[in-house]
Amino acid sequence: MNHNDSRKAIPAVDAAEVAATMQRILRAESEAIAAIPVTNGYGRAVELIVDHVHRRGGKLVTSGMGKCGQIAMNIATTFCSTGIPSVFLHPSE
């Protein structure tokens, strides 16, 4: 590469360093998930979904804007894939 070439050299990848970084990330993520408080509210939410969707024939509606909207859309998609009627509704609609 000469002094007129604007391309930068690609650094070498250290496989052991990549693996160690991945382990740190996965450990941190698993600790964060394990720290989520589990309360009776989760059971109550499931009861409401079962009652309104299965017993009354309704749909689960999720909503959100921005990142929360993306998560709500994924939740609706996940519920649909498990056979629970669900839709995403954008809050501005």
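A short reminder: the numbers here are calculations on the coordinates, not readings from a lab. In this text the structure is predicted, and so the values were computed from the model without any measurement. Virtual Cβ from ideal backbone geometry, glycine too; neighbours counted across all protein chains shown.
Ignoring everything except DSSP H segments at least 4 long, calculate the 222 nm mean residue ellipticity for the chain; use -39,500 (n - 2.57) per segment, divide by total residues, nearest 500. Mind dumping the intermediate values first?
On the way: 3 runs with 45 residues, N = 93.
Calculated at 222 nm, the ellipticity per residue is -16000 deg cm²/dmol.
With +1 on each Lys and Arg Cβ and -1 on each Asp and Glu Cβ, and nothing else charged, work out how big the dipole of the chain is about its Cα centre, in Debye to the nearest 20.
Details: 9 positive and 8 negative charges, 50 e Å.
Using Cβ point charges on Lys, Arg, Asp and Glu, the chain gives about 240 debye.
Need one number: nm distance between label points at V50 and E29, each 7 Å from Cα along Cα→Cβ, rounded to one decimal.
Label-label distance for V50 and E29, simple model: 3.1 nm.
Among V46, A12, I75, which residue has its Cα positioned farthest towards the positive end of the charge dipole of the chain, with +1 placed on the Cβ of Lys and Arg, -1 on the Cβ of Asp and Glu, and the dipole taken about the Cα centre?
Working it through, the farthest residue towards the positive pole turns out to be V46.
Please list 3J(HN,Hα) in residue order for the range 29-36, calculated via the Karplus relation 6.51 cos²θ - 1.76 cosθ + 1.60 where θ = phi - 60°; whole Hz, with x for glycine and proline.
5, 5, 5, 5, 5, 5, 7, 5
Can you tell me which of G66, G41, G58 moves the most in a GNM of the chain? Springs connect C-alpha atoms under 10 Å apart.
For the chain, modelled as a Gaussian network with Cα springs under 10 Å, the answer is G66.
Using 0.36 nm per residue of separation minus the Cα-Cα distance, give me the extension gain between L89 and I36 in nm, one decimal. Don't jump to the answer; show the numbers that get you there.
On the way: separation 53, 0.36 × 53 = 19.08 nm, distance 2.65 nm.
Full extension from L89 to I36 adds 16.4 nm.
Under 5 Å between amide H atoms, partner at least 5 residues away or on a different chain: which partners does V61 have, H built in plane at 1.01 Å?
Those lying under 5 Å, H to H, from V61 are V87.
Between 0 and 90 degrees, rounded to the nearest ten: what's the tilt of helix 67-81 against the longest Cα principal axis of the chain?
Its long axis makes an angle of about 60 degrees.
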